[in-house]
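Scroll down for the structure; my scribbles are underneath it.
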Amino acid sequence: MTARKTTPHLKRGPKPKPKQPKRAKGRPEVRLRDHPDRYTVARFDVADLWLRNMTKGKRLRAGFVQSMSMFQQGQSAANLRKAADRLRTIAKRYSNPDDMKWRRTIAKAVGQTMLGAAVGGEPEQGRISLIMEHASSVGETEWVRRELLPLTALRPPFEMEQRDQLTDISWLIVWVGWFTEINQWMAARGAGDDAQTVQPELAGIFCPT
């Protein structure tokens, strides 16, 4: 007598659960727009776009982004290199279409902000509207109001040879941070009066506190 087949579909009892697919190594656990370091990635994008002609290599540009906070913490050069490599890795990892949409949109908002600062004078309402439109499309309205729009009136408190206003602003964003950090840094350098006047009053957008 032929033995009864015991293939899985003939066995009694519950069917075996399908195995969960393994997650790819290094795959991001959260979207970039939810990541706590997303604005650091945005600063890296500023460095990579606006300062590439002055600094060669992504590691060096990533190092500039990390340098201020690392120096303030008393970190070694070796740790700075590790932090720069980590930033490059994060930037490379978050490159799917949704993440790149956030990065490109924030880059456009930052670019328009720096262009407005470089032109000088009262920021154009059309430019402000465009910046806020970019911010709204990726859910960053509050951050842009707080950290980007005040940069339109920022004037670096020192002279940088052979560099224009746009490059000065780029350097400050990359090396120091966004507006809040730059404002604190300027005040710490003894530019108290300048630090108080960089906050513009923009009706419905930003009012000095």
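Scan region 28-51 residue by residue and report those that are out of contact with any helix residue (DSSP H, G or I) (no Cβ under 7 Å at 6 or more places or on another chain) and either buried (at least 18 other Cβ atoms within 10 Å of the Cβ) or not in a helix (DSSP H, G or I) (or both). Before you say what the answer is, go through the steps one by one.
In the first step, residues of region 28-51 are kept if they are out of contact with any helix residue (DSSP H, G or I) (no Cβ under 7 Å at 6 or more places or on another chain); the result is 29-30, 34-36, 39.
E29, V30, H35, P36, listed by residue number.
For region 89-133, what are the residues that are part of a loop (DSSP other than H, G, I, E, B) and closer than 18 Å to L148 by Cα? It would help to see each step written out before you state the result.
First, pick out the residues of region 89-133 that are part of a loop (DSSP other than H, G, I, E, B): 94-96, 120-124.
Selection gives G120, G121, E122, P123, E124.
Condition (residue is surrounded by 18 or more Cβ atoms within 10 Å (Cβ to Cβ) and of a type in the set (F, W, Y)) applied to region 68-88: is it met by at least one residue?
There is no residue in region 68-88 that is surrounded by 18 or more Cβ atoms within 10 Å (Cβ to Cβ) and of a type in the set (F, W, Y).
Checking K92 against (1) of a type outside the set (A, V, I, L, M, F, W, C); (2) out of contact with any His (no Cβ under 7 Å at 6 or more places or on another chain); (3) surrounded by 13 or more Cβ atoms within 10 Å (Cβ to Cβ), which test does it fail?
For K92, the failing item is (3).
Condition (residue is in contact with a Pro (Cβ under 6 Å, 6 or more places away or on another chain), assigned to a helix (DSSP H, G or I) and modelled with pLDDT under 90) applied to region 75-82: is it met by at least one residue? Steps first, please.
So the first thing to find is which residues in region 75-82 are in contact with a Pro (Cβ under 6 Å, 6 or more places away or on another chain), and the list is none.
Scanning region 75-82, I find no residue that is in contact with a Pro (Cβ under 6 Å, 6 or more places away or on another chain), assigned to a helix (DSSP H, G or I) and modelled with pLDDT under 90, so the answer is no.
Conditions (1) modelled with pLDDT under 80; (2) among the charged types (D, E, K, R); (3) in a loop (DSSP other than H, G, I, E, B); (4) closer than 26 Å to D45 by Cβ, marked per residue:
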position: R155; (1), (2), (3), (4): yes, yes, yes, yes
position: T167; (1), (2), (3), (4): no, no, no, yes
position: V174; (1), (2), (3), (4): no, no, no, yes
position: N183; (1), (2), (3), (4): no, no, no, yes
position: D194; (1), (2), (3), (4): yes, yes, no, no
position: G204; (1), (2), (3), (4): yes, no, yes, no
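Which one is modelled with the lowest pLDDT among residues in region 139-153 that are buried (at least 19 other Cβ atoms within 10 Å of the Cβ) and not small (G, A, S)?
Let us first name the residues in region 139-153 that are buried (at least 19 other Cβ atoms within 10 Å of the Cβ), namely 140, 144, 147-153.
So of that shortlist, the ones also not small (G, A, S) come out as 140, 144, 147-152.
Values: E140: 96, V144: 96, E147: 95, L148: 93, L149: 92, P150: 90, L151: 89, T152: 85.
Ranking the qualifying residues of region 139-153, first place goes to T152.
Kindly indicate the residue of region 95-117 that is surrounded by 14 or more Cβ atoms within 10 Å (Cβ to Cβ) and among the hydroxyl-bearing types (S, T, Y) and also nearest to I131 (Cα to Cα) among those meeting that condition.
T113
Determine which single condition G120 fails, assuming it passes every other condition in (1) at pLDDT below 90; (2) exposed (fewer than 15 other Cβ atoms within 10 Å of the Cβ); (3) under 26 Å from R33 (Cα atoms).
G120 satisfies all of (1) at pLDDT below 90; (2) exposed (fewer than 15 other Cβ atoms within 10 Å of the Cβ); (3) under 26 Å from R33 (Cα atoms) except (3).
The values are calculated or read from the model by the stated rules, or taken from the named source; none is laboratory data. Because the structure is a prediction, the values reported are computed rather than measured. For neighbour counting, all protein chains shown are included, and Cβ atoms are generated from backbone atoms with ideal geometry for every residue, glycine included.
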